[in-house]
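Heads up: the structure comes next, in structure tokens.
The values are calculated or read from the model by the stated rules, or taken from the named source; none is laboratory data. Here the structure is a predicted model, which is why all the values come from computation and not from measurement. Glycine also receives a Cβ, built like all others from the backbone with ideal geometry; neighbour counts cover every protein chain displayed.
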Amino acid sequence: MRLRPWLAKVSFAAFLVSAVLGGIAAFGTRLGLWDFRFGLFVLFPWSLGLAVFAFAIGLAWLAWAVLANRGEAARYGIIGFVGSIAILAVPLYDIYMALTSPAIHDISTDIENPPRFIALARIRSEGVRNPNDLTSPEYDGSKLARGPDGKTATTSALQKKYYGDIHPRADLTSPEKFFDRAVKTAYRMGWHVIAIVPDQGRIEASDSSFWFGLTDDIAIRVRPSGQGVRLDIRSKSREDFGRTPFGPTDMGRNTRRIRSFLKTLTNTY
């Protein structure tokens, strides 16, 4: 048996098993067949390990094929090599974000008086032993956390340092009109809207990731300010990663969500 075609087929087979195992880990978690920690930190690493193996074998096949100017079993080798890169791309990006983001997961445009979770408070409070638990509906602003530089500071201080562009949105319009725009924007974002309370200027929603269904909760507050209106938004992760390779960091997910919402709000009428 010639070795080059064998390498190509091994890379292809490892890629297929990795893809299937990754899909089982992700969608099994989404369907509630097991806890997200089992899917994300037990099953999924096996998928990543196989993807790394497929990449290494595929790279060996590719280098040998180029040097020999012969491409036996090229279809298998190329699919295995490129497919493994596709599987590894998102986790590698997440690892990069985890290493370069502060270990916080509660972001608000108002760090002094953040929007509160009211309708979502019961869901977030389930299983919480004390207000300091990461899944608590209470704001984490005074909680100590570590930045990517290794220095410890409060959550609010880390947000100001690393996410200094997160500010309230003001507009010279009526609270009623701006509230309506905020509701439309929440639906445009594809969020699951939980509560719409116009007389309190309050909107609550949740948003789940595609692969593992990890859920973050959002609270929006619209109220009069001066001659116009002010909107504040808060986004907080629901799952407590605890002592995992990522710790309590959200890998910048809540910040990206707030930025996206405010950008979409600008173009929503």
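A few notes on this one:
- For the stretch 45-86, a residue qualifies if it is among the hydrophobic types (A, V, I, L, M, F, W, C) and either crowded, with 22+ Cβ neighbours inside 10 Å or not in a helix (DSSP H, G or I) (or both), and the qualifying residues are L50, A51, A54, F55, I57, W61, A73, F81.
- Qualifying residue in the stretch 179-195 (condition: in contact with a strand residue (DSSP E or B) (Cβ under 8 Å, 6 or more places away or on another chain), modelled with pLDDT under 95 and surrounded by 15 or more Cβ atoms within 10 Å (Cβ to Cβ)): no
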